[in-house]
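Asks: One structure coming up, written as structure tokens, with questions to follow.
Only the coordinates and a few stated rules stand behind these numbers; no lab work does. Small disclaimer: the values here were computed from a predicted structure and weren't measured. Please note: Cβ atoms are built from the backbone with ideal geometry, for glycine as well, and neighbour counts cover all protein chains shown.
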Amino acid sequence: MKKWLAVSLALVLVFALASVALAQGTEKARVRVVHASPDAPAVDVWVNNAKAFENAPFKGITGYAELNPGTYNVKVVPAGATEPVVIEANLPLTGGKDYTVVAVGRLANIEPLLLEDDNRAPAAGKAHVRFVHASPDAPAVDIAVAGGGPVLFSNIAFKQASQYLPVDAGTYNLEVRLAGTQTVALRVPGVTLEEGTVYTVFAMGLAGGQPALQAVPSVDAQHMMVLPQTGAECPKTK
């Protein structure tokens, strides 16, 4: 009896320690930075007065960095310098969540756009995609499949992000249209969306200047594909 009691207590302790370890493992927040300011130079990003990302150019998208949950002071400065501080913000980050901080607007009024990311795995045969409007002089837009296909995202204005949309994995020709019209502002051919992958497509640049308006895709997460016949896992190619 004592032996079984000891074994039971040991198992309880193991499960308790495992639960603590899992809880600690999910406490981290993950955050990345996107440089979408069309006339700003390459930048460094400082978090709580320590350099977190350096020399991020226009259209640059960093990887995710893990941080403990809490509120962080974020500063954006020209690469290799400590001033001028073009963005300074205090960002609250919750454990177990992913975030994207987008530097948006022209340099004269640049600001941070904080997005919460959903990098959960899509269903079998599906990809997830969202659209972020980061062009400061472009009007609200619709995103549609070219050639008379459906509208995927409608009436997305500057500094807005769509919801995530599950779509069949495949290659699509897309159009960025002025919201509510058939007027095409940007053609985006050959967009390949792979099974088990989460994407964000950013509209960056200027509708009426340089750098020109363009679609900048990002692979946010790739999930393992489970083969039902054997249960073996096959990593998606990057």
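Asks: Read phi for every residue in the stretch 38-51 and hand back ³J(HN,Hα) as whole Hz from Karplus 6.51 cos²θ - 1.76 cosθ + 1.60, θ = phi - 60°, with x for Gly and Pro.
Replies: Karplus values, whole Hz, x for Gly and Pro: x, 10, 8, x, 4, 10, 9, 10, 10, 10, 6, 6, 10, 5.
Asks: Within straight cross-link reach of residue 159, meaning Cα distance under 20 Å, which aspartates and glutamates are found once same-chain residues fewer than 8 apart are removed?
Replies: Qualifying aspartates and glutamates at Cα under 20 Å: 39, 88, 98, 111, 116, 117, 118, 137, 142, 175, 220.
Asks: Any idea how far apart residue 137 and residue 159 come out in nm if each label point goes 7 Å out from Cα toward Cβ?
Replies: 1.9
Asks: With a ≥ b ≥ c the root eigenvalues of the C-alpha gyration tensor of the stretch 29-117, is it rounded (a/c under 1.5), prolate (a/b larger than b/c) or oblate?
Replies: Prolate shape, in that a/c is at least 1.5 and a/b is the bigger ratio.
Asks: List the residues of the stretch 191-212 whose backbone N lies under 16 Å from a point placed 7 Å from the Cα of residue 145 along the Cα-to-Cβ direction.
Replies: Counting backbone N atoms under 16 Å from the label point, the list is 191-195.
Asks: Under the √(5λ) rule applied to the eigenvalues of the Cα gyration tensor, what semi-axes describe the equivalent ellipsoid of the stretch 89-238? Give them in Å, descending.
Replies: Taking √(5λ) for each Cα gyration eigenvalue gives 28, 21, 12 Å.
Asks: Moving on. Hey, got the dipole for the stretch 120-223? About the Cα centre, +1 on K and R Cβ, -1 on D and E Cβ, debye to the nearest 20?
Replies: 140
Asks: Amide H to amide H, which residues 5 or more places from residue 53 or on other chains are under 5 Å from it, using H placed in the peptide plane?
Replies: The list, which skips near neighbours in sequence, is 45.
Asks: Further, regarding this structure: If you count, for each residue, the other Cβ atoms within 10 Å and average over each peptide, how do 64-73, 95-104 line up from highest to lowest?
Replies: Highest-to-lowest ranking by the protection proxy: 95-104, 64-73.
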